[in-house]
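The values are calculated or read from the model by the stated rules, or taken from the named source; none is laboratory data. Not measured: the values here are computed from a predicted model. Glycine also receives a Cβ, built like all others from the backbone with ideal geometry; neighbour counts cover every protein chain displayed.
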Amino acid sequence: MSVTVFCKGAIVAQGNPEEVVAGLAALPAPERSSDMLVFDDDTGKQVDLDMRVPPAPRTRGRPSLGVRAREVTLLPRHWDWLNLQRGGASAALRRLVDGALARGKSEEECRDAAYRFLSAIAGDLPHFEDAIRELYAGNCVGYDHFTHDWPADIHAHGRKLAWPENAA
């Protein structure tokens, strides 16, 4: 996961959450908590960072591999198919997810991420609605036209989320 932190419309930190939290500790606290916004770079959603000091690393016991058990609801025929796959259901699901991740995000997913980001940070900026129309039309030139007076980092990050292949 990668995040981008904005303070009053300017990027102040980017990277994985742990690195970002460490970097933010060196910055002065904003006047208002609403001045600092954090966004997931994959989904465009606003997220919260845990600014608490992390607990001391465990020294005994089995190491954590980051595996989390969750419930999945499928029809019996789906379970039957998954159980016939090499490595069983869990391995098959991991391969399916990894394959989807390798293909990357669709144009629609990119535009939706940009929309979520822009709605949270730029909804009151001039020509917001026009910029969103151009975003969903797939017109990066029109987006640039309507966002040229916006703070540079907001304009650029929205463009990068919407059209990652054109990101510099």
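Might you check whether a residue that is of a type outside the set (F, W, Y) and touching a strand residue (DSSP E or B) at 6+ places or on another chain (Cβ under 6 Å) occurs anywhere in the stretch 136-153? Don't jump to the end; show me each part of the working.
The first filter runs over the stretch 136-153 and keeps only residues of a type outside the set (F, W, Y), leaving 137-142, 144-145, 147-149, 151-153.
Narrowing further to those that are touching a strand residue (DSSP E or B) at 6+ places or on another chain (Cβ under 6 Å): 153.
Within the stretch 136-153, one or more residues are of a type outside the set (F, W, Y) and touching a strand residue (DSSP E or B) at 6+ places or on another chain (Cβ under 6 Å).
If you scan the stretch 15-48, which residues turn out to be assigned to a strand (DSSP E or B) and either touching a helix residue (DSSP H, G or I) at 6+ places or on another chain (Cβ under 7 Å) or of a type in the set (K, R) (or both)?
Kept after step one, since they are assigned to a strand (DSSP E or B), are these residues of the stretch 15-48: 15, 36-40, 46.
L37, F39, Q46 - these are the residues of the stretch 15-48 that are assigned to a strand (DSSP E or B) and either touching a helix residue (DSSP H, G or I) at 6+ places or on another chain (Cβ under 7 Å) or of a type in the set (K, R) (or both).
Count, please, the residues in the stretch 126-141 that happen to be among the small types (G, A, S) and either surrounded by fewer than 12 Cβ atoms within 10 Å (Cβ to Cβ) or in contact with a Ser or Thr (Cβ under 8 Å, 6 or more places away or on another chain) (or both). Give the derivation first.
Applying the first criterion (among the small types (G, A, S)) to the stretch 126-141 yields 131, 137-138.
Filter once more, so that each one left must be either surrounded by fewer than 12 Cβ atoms within 10 Å (Cβ to Cβ) or in contact with a Ser or Thr (Cβ under 8 Å, 6 or more places away or on another chain) (or both): 131, 137.
Going through the stretch 126-141 one residue at a time, the tally reaches 2.
If you check every pair at least six apart or on different chains, which have Cβ atoms under 8 Å apart with a residue in the stretch 88-108 that is farther than 17 Å from H78 by Cβ first and a residue that is of a type in the set (A, V, I, L, M) and part of a helix (DSSP H, G or I) second?
What qualifies is K105/A113.
Scan the stretch 142-158 residue by residue and report those that are buried (at least 20 other Cβ atoms within 10 Å of the Cβ) and in contact (Cβ under 8 Å) with a residue 12 or more places away in the chain. Spell out how you get there, then give the answer.
Step one: filter the stretch 142-158 for residues buried (at least 20 other Cβ atoms within 10 Å of the Cβ), giving 143, 146-147, 150, 155, 157-158.
Across the stretch 142-158, the qualifying residues are Y143, F146, T147, W150, H157, G158.
For (1) at positive phi; (2) within 22 Å of the chain's Cα centre (by Cα); (3) outside the structural domain of K160 (by TED's automatic domain parsing), each residue gets a yes or a no:
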position	(1), (2), (3)
P28	no, no, yes
M36	no, yes, yes
R60	no, no, yes
G88	yes, no, yes
A113	no, yes, no
R116	no, yes, no
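Give me the residue from the stretch 87-125 that is among the acidic types (D, E) and over 19 Å from W163 (Cβ atoms) and, out of that set, surrounded by the most Cβ atoms within 10 Å (Cβ to Cβ).
Once the filter is applied, the top-ranked residue is D98.
So which helices (runs of 4 or more DSSP H) are wholly in the stretch 72-150 and hold at least 3 residues that are within 30 Å of I11 (Cα to Cα) and at pLDDT 95 or above? Working first, answer last.
Numbers: elements: 76-84, 88-103, 107-122, 128-137, 140-147.
Helices (runs of 4 or more DSSP H) meeting the threshold: 107-122, 128-137, 140-147.
Can you name the residue in the stretch 151-168 that is of a type in the set (A, V, I, L, M, F, W, C) and part of a loop (DSSP other than H, G, I, E, B) and is also modelled with the highest pLDDT among such residues? Full working, then the answer.
Pass one, the stretch 151-168, residues of a type in the set (A, V, I, L, M, F, W, C): 152, 154, 156, 161-163, 167-168.
Pick out the ones that are also part of a loop (DSSP other than H, G, I, E, B) and you get 163, 167-168.
Numbers: W163: 96, A167: 64, A168: 53.
Taking the candidates together, the pick is W163.
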